[in-house]
Amino acid sequence: MKLTDRIRGARLVGVLTGAGISTASGIPDYRGPDGIWTRTPSAVNAFTLENFMADAEVRREFWRSYRGHAAWTAEPNAAHRALANLDGSGTAVRVLTQNVDGLHQKAGLAARKVLELHGTLHTTRCTDCPVRLPTAECWSSVKIRVVRSAAGS
């Protein structure tokens, strides 16, 4: 039986998504052959609050990689659009995602229908207070020192 046959007539569909849904949009996963943690094992250090807060170099590297993350320019793919279209057809769709890319919403699914387990790269929370701001508004506050080698590269 096809998935479309199984959900035909359903009033509510819950979907769990992770990195695999967004790789077709050009966003690398974390653990796969081309994954972020596979290519740069030390990148995992930025993903625990303790390491992030304790090491200024971890924070600098995080912000450098965050600013250049593929998700900023990625577009939703057929899977993201299919979920949004299913929701638009009258079936109530709810998505629980590990992704931080916002592509479910960009595809047309209402933000209130998407629970982002790991947050979103589009919003940044202050580490000293509960204030949340659009990440783009935070770029000017983030000081990233660019270190050049003696060869100038």
Query - Fully extended contour minus Cα-Cα distance, from M53 to A92, at 0.36 nm per residue - result: 10.1 nm
Query - Distance between modelled label sites at H69 and A10, nm, 7 Å Cα→Cβ extension - result: 2.8 nm
Query raised in the report: Across region 116-124, in residue order, what do the Karplus-derived ³J(HN,Hα) couplings come to in whole Hz, using 6.51 cos²θ - 1.76 cosθ + 1.60 with θ = phi - 60° and x for Gly and Pro?
Result: 8, 4, 9, x, 9, 6, 7, 10, 10
Query raised in the report: Computed from the mean reciprocal separation of all distinct C-alpha pairs, what Kirkwood hydrodynamic radius does the chain have, in Å?
Result: 17.5 Å
Query raised in the report: Residue-wise, which Karplus ³J(HN,Hα) couplings in Hz belong to region 66-81, taking 6.51 cos²θ - 1.76 cosθ + 1.60, θ = phi - 60°, and x for glycine or proline?
Result: 5, 5, x, 5, 4, 5, 4, 10, 5, 10, x, 9, 4, 5, 4, 5
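Bear in mind these aren't lab numbers, they're just calculated from the coordinates by the rules spelled out. Because the structure is predicted, anything quoted here is derived from the model rather than measured. Every residue, glycine as well, gets a Cβ built from its backbone with ideal geometry; the counts of neighbours run over all protein chains shown.
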